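Shown next, in structure tokens, is the structure this report addresses.
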Ligand code: ADP
């Protein structure tokens, strides 16, 4: 592309240079040719002048010899050439006078010559008259006077001088004319060479451009073929749309999974493969989370991507025959070179297998947990009776072992409860009962649950609630907060302080549980929210945890359209934050 642009610039520059050169050369050729024609004209004129002067001289001589013939013979016949010469002399003199008018020097010379010619003609006339009127003797006397000879010599001398000068001029003009001809040939030659050079350069450039564009075309075809192959061999459904959500392209996987042909999909809105109710609820969820109206149409799919936020979520794809399957959908905004929105790319991974596996695992966990629960309850009961000495006092060693067994049976029982709880929440088997809950009430109720344990450790919990309410399942939300507060108590030093605060910004509220405990390393801040993940392997044993509390907490918060995360400074404490949308009426007041 860059190369083509440079070549194009070269062509324009060369064309402009060529045009200028051709214009200059054409103008020079025109001027030279014009001057050459003028020089040739002057040459012809000089030749004619020399010839006319010679003719003038010859005519005078002819006239004179004709007069002398008459003087000798006395026959009128001899005067015929004289009369003809006189007429021609008159014409030649007029022609010469006219031709020399432009040249002041020659014109002057000719004007000086004319009276001498006239005198010679008068002399000839006198000779003819003397012969005719006074006879042979008188004519001989006229001839014998040397005036005629002197006039003839003078005329010859002047004509020769004029001719000599004209010849010299002629030579100069011929030289000038030759030079003009040479420079004209040179200019025309240069023009031809330049033309040939330009033609050659143009051919080379056109040839190179053609080759380049052929190469570009091939490269483009190859790139397109490779792209298509990649798209079609991908194990993901890929659908691209324009900015208005109209489908442009669908790869082979999309066609196969959805049962539509590419032509059937093209031009349709992308919502054709989505569940309208799912889009509506996602639109509502985004409206709450983003604090701006997001319609429940294709915009529910693309709004986050349009704002440059990476968006990946689970949803259902609906086949042409109406059946559906779960997908993990990643939406990316496609932008052109000028960063203008060109459309969206929707890449979906089929989650059918994963969901089936998850279902199997959940069922397995559920069955195993339930099966564990019953024997565990009897073990715990029996151990409790033993440890409390209901069956009689135990020897100290046996008592210690009974206590250890009871503690571990308790842990195991909590673990089974947590596993069942998490699995029920994640599989959506627990219906969430959304009601408007007062933020301060929710916080107070949560603190009450951990109040006694905290007091036992000399830990104080300070509450700073804010006004307002959220839409939540109160019991579940309290469960999540109790989990965070319980952890804060667990990981605080004796006599420590915990803060539980809520703060509103716009249409959201952020709850913070801050402790002054040991803190959490940076690389664990995210992993602790995964199942069975703990900062230290000994935490479970020493603090009696199961490693499931935060996973349960995240599930609950996400089901409420919020998010939870941890911030911490190692050795100085941790803060767990829960962000939730405010109830609609509060959000409106807030904005
Ligand atoms: P557990 O039942 O083990 O507390 P959680 O999922 O609630 O399980 O917590 C996971 C782990 O995260 C804990 O074992 C602990 O290592 C770490 N953790 C949680 N809360 C805190 C806290 N406030 N301070 C330090 N570490 C914490």
Take residue 515 and tell me if it is modelled with pLDDT of 95 or more, farther than 30 Å from residue 282 by Cβ and over 47 Å from the mean Cα position of the chain (by Cα). yes
Based on what the data block shows, is residue 107 modelled with pLDDT of 90 or more and in a helix (DSSP H, G or I)? no
Within segment 39-57, work out how many residues are farther than 18 Å from residue 165 by Cβ and loosely packed, with under 14 Cβ neighbours inside 10 Å. 1
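Hey, can you tell me all the residues within segment 74-95 that are assigned to a helix (DSSP H, G or I), in contact with a helix residue (DSSP H, G or I) (Cβ under 9 Å, 6 or more places away or on another chain) and free of Cβ contacts under 8 Å to residues at least 40 places away in the same chain? Walk me through how you get there before you give the answer.
Residues of segment 74-95 assigned to a helix (DSSP H, G or I): 76-95.
With the extra rule that they be in contact with a helix residue (DSSP H, G or I) (Cβ under 9 Å, 6 or more places away or on another chain), the set shrinks to 76-86, 88-89, 92-93, 95.
Hits for segment 74-95 are 76, 77, 78, 80, 81, 83, 84, 85, 86, 88, 89, 93.
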Identify the residue in segment 424-441 that is closer than 15 Å to residue 557 by Cα and assigned to a helix (DSSP H, G or I) and, among all such residues, is modelled with the highest pLDDT. 439
What's the total number of residues in segment 472-491 that are touching a residue at least 60 places away in the same chain (Cβ under 8 Å) and out of contact with any strand residue (DSSP E or B) (no Cβ under 6 Å at 6 or more places or on another chain)? 10
Considering only segment 11-42, how many residues are more than 15 Å from residue 193 (Cβ to Cβ) and modelled with pLDDT of 75 or more? 21
So is residue 229 assigned to a helix (DSSP H, G or I), surrounded by 13 or more Cβ atoms within 10 Å (Cβ to Cβ) and out of contact with any strand residue (DSSP E or B) (no Cβ under 7 Å at 6 or more places or on another chain) or not? no
Please state which of the following conditions residue 463 fails to meet, knowing it meets all the rest: (1) away from the ligand (no atom under 16 Å from the Cβ); (2) part of a helix (DSSP H, G or I); (3) surrounded by fewer than 19 Cβ atoms within 10 Å (Cβ to Cβ); (4) in contact (Cβ under 8 Å) with a residue 24 or more places away in the chain. (2)
Being over 31 Å from the mean Cα position of the chain (by Cα) and either part of a helix (DSSP H, G or I) or more than 10 Å from residue 271 (Cβ to Cβ) (or both) is the filter here; which residues of segment 295-311 pass it? 295
From the options 180, 141, 156, 167, residue that is more than 22 Å from residue 51 (Cα to Cα), in contact (Cβ under 8 Å) with a residue 24 or more places away in the chain and in contact with a helix residue (DSSP H, G or I) (Cβ under 9 Å, 6 or more places away or on another chain): 180
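The values are calculated or read from the model by the stated rules, or taken from the named source; none is laboratory data. Keep in mind the model is a prediction, meaning the values are calculated, not measured. FYI the Cβ positions are ideal-geometry reconstructions off the backbone, even for glycines, and counts take in every protein chain you see.
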